[in-house]
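Some notes on the structure that comes next.
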Amino acid sequence: MGVEPRWVSPSEVIVINQRMVDPAGHPHRLLSQELLEAACFRPANAWHYVHEDNVLELAGLLMFGLAKNHPFQDGNKRTGFTAGVLLMQRNGYDLAMPDDVAIADAMCSVISGEMEPRAFLDILEPYVVEF
């Protein structure tokens, strides 16, 4: 294992959620600090205890942890995806995606149980670029 990744904190995710829902006029409300923290600490736990060092896998844990835990009243999937991309960017990677709609549809399929998280990450993987 190398250097510990730079994580995304719960307080940063709160700001991300606010920025996701404010433009649409939706309410920004944290429903559960505990569920927020559980989702945010999933990638670090995987890095420390399972020795997962693939940044896309770690970002996926954050994305789906936030989307499934539903710590906010609105915007959980958008917030999760944005936080996952931020985790990637902090650790030297980005996504160069041509079609946000297909990605959003695929993420919804994971949340509804129609698609496995690994299949979603397989869709993202070709668009991961190192900088």
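What follows draws every value from the coordinates through simple rules; no lab data is involved. Quantities reported herein were computed from a predicted structural model and do not represent experimental measurements. Cβ atoms come from the backbone with ideal geometry, glycine included; neighbour counts cover every protein chain shown.
Structure values in brief
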| read-out | value |
| --- | --- |
| Net charge dipole size for the chain [Lys, Arg +1 and Asp, Glu -1 on Cβ; Debye, nearest 20] | 400 |
| Cα coordinate range in segment 79-121, projected on the principal axes (Å, largest first) | 31, 18, 18 |
| Ile123/Val50 FRET efficiency (R0 22 Å; Cβ-Cβ; nearest 0.05) | 0.45 |
| Point-to-point label distance, Asp22-Ala104, nm (Cα→Cβ direction, 7 Å offset) | 2.0 |
| Mean residue ellipticity (222 nm) of the chain, computed from DSSP H runs ≥ 4 via -39,500 (n - 2.57), nearest 500 | -18000 deg cm²/dmol |
| Entry for Kirkwood radius over Cα pairs in Å (calculated from the structure that is shown) out of [x] 14.7; [y] 15.6; [z] 18.5 | [x] |
